[in-house]
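See below for the structure under consideration.
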Amino acid sequence: MNSNLPFIHRFQAMTVVCEVQIYGTADAKSVAAMIESNTRRLEEKYNFYSQSSWLNQVVNQRKTSTVTLDDESYTVFEVVRRLVDGTKGIFDPTVGTVKSLINKTPELDKSTAYESVKHFMGPQAWSLAEHTLTAPAFETQFDLGGVIKEFAVDQAINIAQSLGVSSALVNFGGDIRALGQKPDGSAFNVAVRNPNNKSEPWFSLPLVNAALTTSAHYERSFQFADQQSSHILSRYGTHPNVLSVSVLAPTALEAGALSTALTIDPKLEVPSDVGVVFIDDQLSIHQDTGFVAC
């Protein structure tokens, strides 16, 4: 295989098209197959919408207030907890609580739904220590949909790197991470779409040994009895001046959590090694929050 041309493998998982580009490796096909297999395993294990998933069987249908986590799940929840605390609870995996409530009682309006479960959501509703997840209220439900696709992207890079790959690009439905750079020494060039026209690239960013995710509230929605809400669920909604947020970070997991949180509170403080690009409601591009109305 020409080392300057990638081996490209595509598959459907986690409701999106997943693409793996691998450069300069004779075993690229087997590496890609391992990545796909692992991605499907993660999808099956952590799927909030599957009653047979580990997440629902063990965590959301728990019979006691504590759950003993396997090593992988403890790692996931540990990172999630750090992201929850780092975003002051704006990034909230217990959003599954309100989703479960609406699934059972779809006639509830948004305000009533959130009021009904407010004591079962947020950072105070759960804790983590020594491989043990503690969630005293059985009403507290976890939806890891905001992190597992990104976790799968990071694991894909880890798999590729462990098998000797030094140049690869993983893109799972717009959650992207680059391993190294292209064989010619150039960066991977990644485009971010126009929020009002998904077929139109709006700007691009170079990517080398970093991840890029974009969160936006224009593609998918969540239905309450009184209104259609963004799929990025928050009691007070996403910020009206923000159409999308793109975050450049060391890992896809960190980038994804921050891009989600920043659509709700764009003035949230971010780590020094993280870059942020906003597209506002006028389709202007910003790297700071001076455009945000008070």
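The values are calculated or read from the model by the stated rules, or taken from the named source; none is laboratory data. Predicted, not measured: the structure shown is a model, and the values here were computed from it. Every residue, glycine as well, gets a Cβ built from its backbone with ideal geometry; the counts of neighbours run over all protein chains shown.
Okay, residues lined up against (1) surrounded by fewer than 18 Cβ atoms within 10 Å (Cβ to Cβ); (2) modelled with pLDDT of 95 or more; (3) of a type in the set (Lys, Arg); (4) over 24 Å from SER162 (Cα atoms):
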position: LEU5; (1), (2), (3), (4): yes, no, no, no
position: ILE8; (1), (2), (3), (4): yes, yes, no, no
position: VAL20; (1), (2), (3), (4): no, yes, no, no
position: ARG40; (1), (2), (3), (4): yes, yes, yes, no
position: SER50; (1), (2), (3), (4): yes, no, no, yes
position: THR64; (1), (2), (3), (4): yes, yes, no, yes
position: THR68; (1), (2), (3), (4): yes, yes, no, yes
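Among the residues making up segment 180-192, none is without any contact (Cβ under 8 Å) to a residue 24 or more places away in the chain and either of a type in the set (Lys, Arg) or assigned to a helix (DSSP H, G or I) (or both). Residues in segment 104-118 that are buried (at least 18 other Cβ atoms within 10 Å of the Cβ), touching a strand residue (DSSP E or B) at 6+ places or on another chain (Cβ under 9 Å) and outside any helix (DSSP H, G or I): there are none. Test GLU43 against the stated conditions and say whether it is touching a Cys at 6+ places or on another chain (Cβ under 8 Å) and in a helix (DSSP H, G or I). Here the answer is no, as GLU43 does not meet what is asked.
Kindly indicate whether ASN38 is touching a residue at least 60 places away in the same chain (Cβ under 8 Å) and part of a helix (DSSP H, G or I). Considered against the rule, which asks whether it is touching a residue at least 60 places away in the same chain (Cβ under 8 Å) and part of a helix (DSSP H, G or I), ASN38 comes out as yes.
Could you pull out the residue among ALA125, ALA129 that is surrounded by 19 or more Cβ atoms within 10 Å (Cβ to Cβ) and out of contact with any Lys or Arg (no Cβ under 8 Å at 6 or more places or on another chain)?
Matching residue, one of ALA125, ALA129: ALA125.
Any residue that is of a type in the set (Asp, Glu) and either assigned by TED's automatic domain parsing to the domain that holds GLN282 or part of a loop (DSSP other than H, G, I, E, B) (or both) - is there at least one of those in segment 169-179? For segment 169-179, residues of a type in the set (Asp, Glu) and either assigned by TED's automatic domain parsing to the domain that holds GLN282 or part of a loop (DSSP other than H, G, I, E, B) (or both): absent. Residues of segment 114-148 that are charged (D, E, K, R) and either farther than 18 Å from GLU72 by Cβ or in contact (Cβ under 8 Å) with a residue 12 or more places away in the chain (or both): GLU115, LYS118, GLU139, ASP143. Kindly establish whether VAL20 is within 21 Å of the chain's Cα centre (by Cα) and outside any helix (DSSP H, G or I). Criteria met by VAL20.
What are the residues in segment 73-88 that are in a loop (DSSP other than H, G, I, E, B) and crowded, with 21+ Cβ neighbours inside 10 Å, if any? Result: THR87, single match. So, in segment 269-294, of the ones that are over 17 Å from the mean Cα position of the chain (by Cα) and aliphatic (A, V, I, L, M), which residue ends up surrounded by the most Cβ atoms within 10 Å (Cβ to Cβ)? Within segment 269-294, the match that is surrounded by the most Cβ atoms within 10 Å (Cβ to Cβ) is ILE279. A Cβ distance below 9 Å, combined with a sequence gap of six or more or placement on separate chains, defines the contacts here; from segment 89-103, residues that are part of a loop (DSSP other than H, G, I, E, B) and modelled with pLDDT under 85 reach residues that are among the hydroxyl-bearing types (Ser, Thr, Tyr) and crowded, with 23+ Cβ neighbours inside 10 Å in the pairs ILE90/THR260; PHE91/THR260.
For segment 230-243, the count of residues that are in contact with a Ser or Thr (Cβ under 8 Å, 6 or more places away or on another chain), assigned to a strand (DSSP E or B), surrounded by fewer than 21 Cβ atoms within 10 Å (Cβ to Cβ) and modelled with pLDDT under 55 is nonzero.
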